[in-house]
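Visitor: Once you've had a glance at the structure underneath, I'll fire off some questions.
Computed from the coordinates by the stated procedures, all read-outs in this text should not be read as laboratory data. Fair warning: this is a prediction, and the values are worked out from it, not measured in the lab. Please note: Cβ atoms are built from the backbone with ideal geometry, for glycine as well, and neighbour counts cover all protein chains shown.
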Amino acid sequence: MAVILHVLSCLLGLGSWVAINGVWVELPLLVPYTPEGWELPSYLSLLIQFANIGPLAVTLLHKFCPGRVREGPVISVILAVGVVSCILLAFLWQETSWVGSSLRSTALLCLIFFLSLVDCTSSVTFLPYMTRLRPDYLVSYFIGEGLSGLMPALLALVQGVGVLSCEPMNRTEPNGSHTTGNLTAVYQPARFPAWGFFLFLAAMMGICLIAFTILQKMPKGERHQEAGAGKGRVKEDVWGKGVEQKPMMGEDEDGMKKEKKERAKYSIWEKVFIYLVLAWVNALTNAVLPSVQTYSCMPYGGRIYHLAATLASIANPLACGIAMFLPNRSLLTVGGLTVIGSGIGSYIMAMAVLSPCPALLQDHIGGTMIVVAWVLFVGVLSYVKVIIGVILRGEGHSALVWCGAVVQLGSMVGALTMFPLVNVYVMFQSGDPCNQSCPQ
C-alpha cells in the first residue's frame with residue numbers, strides 16, 4: 001500500500017506543470033507556423049501571469065470562506081480541463097483569426113491560457129490535498145513535479161526539437177562566383193509532428209487524473225480533513241485559527257502529537273523567513289534564470305545548451321529523491337543552501353549578460369562550467385523547495401495553501417521583472433551556436 005501511495009503521489013505531482021512545460025519545449029516547432037513568430041514566448045509568459053487569477057481566487061476563498069473549498073472536486077475539474085485542452089490543442093493549434101488588423105493564433109493562445117490556469121491553480125490545490133497523506137508522500141509529490149519538466153524535455157529530445165546542424169553559408173559574389181562563408185545554424189525537421197506531442201501531453205494529464213481518482217477511491221484516501229465535529233477528530237490550531245479535522249492518512253495519535261510539537265517550534269518571524277525564501281527561490285528557478293537560459297548557454301554551442309537543459313531537468317527530481325533520504329529541516333541549512341544556489345545563479349546571470357562573449361568562450365572548460373552551474377543551481381534550489389514544503393506540511397493545511405500562493409507570487413514577480421529586461425530594453429544578446437567568436 002505504501003508503494004502504491006508513493007506512485008500515486010508522484011503521478012499527481014507529474015500533472016502539476018507538465019502541460020505548460022510541454023508547450024515551452026515545443027515552441028521551436030510552433031513559432032515558424034504562427035503569426036506571432038518569436039514573440040510567441042512573450043505572449044506565453046503573459047498568459048501564465050494572467051492565469052494566476054485561478055490561485056488568487058482559491059486563496060481568497062480559503063481566507064474568507066474557510067472550510068468551504070474542497071480540493072478533491074477542484075482537482076478533478078482542473079485535470080479534466082487539462083486533458084480536454086491538450087486534445088484540442090493537438091488539432092486546433094494552427095487555427096488563426098483576425099483580431100482587429102492583426103492575424104493571431106487565437107485557438108493556440110486561448111488553449112494555452114486554460115492550460116496555464118490548470119497548472120497555476122495546481123499550486124494551491126495539489127499541495128494542500130497532500131495533507132491527507134503522511135509527510136513522506138509529499139516528497140514523492142515533489143519528485144513527480146520535477147518529472148513534469150523532465151518528461152516533456154526528454155520527449156522533445158526524441159522528437160528532435162531545436163536540434164541544429166552547422167552548415168557553410170553559401171553566397172554568390174557580385175562577379176557571379178560562388179563562395180562559402182561562415183557556418184550558419186540550420187534546424188533539423190522534427191521526427192514527428194506537434195499534434196503527436198500534444199496528444200502525449202493529454203495522455204500524461206489523463207494518467208494523472210486516473211491516479212488522482214484512484215487516490216480518492218482508496219479507503220484511507222476518503223478520510224479527508226474536513227471541518228466538523230465527531231469521533232476521532234482533533235482540534236488543530238493552524239495560523240491562529242482552530243479547525244477540527246480528521247486524523248491524517250496513515251497517522252496515529254502519537255504521530256499527530258509529534259507533528260504538533262514540530263509545528264510549535266517555528267516562530268512567526270521564522271515563518272516569514274521561510275515564505276520569503278520560498279518566494280525568492282521560485283522567482284529564480286521558475287522565471288528569472290529560465291528566461292536567460294539560451295543567452296547563458298547558446299554562445300558555447302547548441303550541444304552545450306541542450307546538455308545544460310536536459311541535465312538540469314534531471315537534477316530536479318534527483319534532488320527531490322535526495323531530500324527523501326536526507327531530509328534536513330534546519331532553517332540554517334535552508335538559508336545556507338539558498339545563498340549557495342543564488343550565488344550559482346549569479347554566475348549564470350553574469351554569463352547571460354556577457355553574451356555573446358561570455359567568459360572562457362574559446363575554452364572547453366567554459367561550456368563545462370555553465371552546464372555544471374545549471375545542474376547545481378536547479379539541484380540545490382529544488383532541494384530547498386522540497387525541504388520548505390516538508391516544513392510547511394508540518395504547519396498544516398492552511399500553510400500549504402499559502403505555500404502554493406507564495407510559489408505563484410514569487411514566479412509572477414520574477415516573470416514581470418524579466419519581461420521588460422528581455423523584451424523591451426533588450427539587455428541580452430543572443431550568441432551564435434555555430435560561431436564561438438565575439439563580434440568585432
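Visitor: Compute the signed sum of charges (Lys and Arg +1, Asp and Glu -1) over the other residues within less than 15 Å, Cβ to Cβ, of Cys357.
Guide: Details: positive: none; negative: Asp363, Asp432.
Net charge around Cys357: -2.
Visitor: Would you mind classifying the range 84-172 by shape? Square roots of the alpha carbon gyration tensor eigenvalues, ordered a ≥ b ≥ c; an a/c under 1.5 is rounded, otherwise it is prolate if a/b is larger than b/c and oblate if not. Display every interim value, and only then the final one.
Guide: Details: a/c = 3.57, a/b = 1.49, b/c = 2.40.
Oblate, because a/c is 1.5 or more while a/b does not exceed b/c.
Visitor: Further question: Tally Lys and Arg at +1 and Asp and Glu at -1 over the other residues with C-beta under 12 Å from the C-beta of Ser16: what net charge comes out?
Guide: Working: positive: none; negative: Asp119, Glu145.
Residues near Ser16 contribute -2 overall.
Visitor: For the residue pair Glu95 and Arg329, what label-to-label distance in nm results when each label sits 7 Å from Cα along the Cα-to-beta-carbon direction?
Guide: That separation, rounded to one decimal, is 5.1 nm.
Visitor: Now for a separate question. In a shell of Cβ-Cβ distance under 15 Å around Phe142, excluding Phe142 itself, what net charge do Lys and Arg (+1) and Asp and Glu (-1) give?
Guide: Details: positive: Arg134, Arg329, Lys385, Arg393; negative: Asp136, Glu145.
With Lys, Arg at +1 and Asp, Glu at -1, the net is +2.
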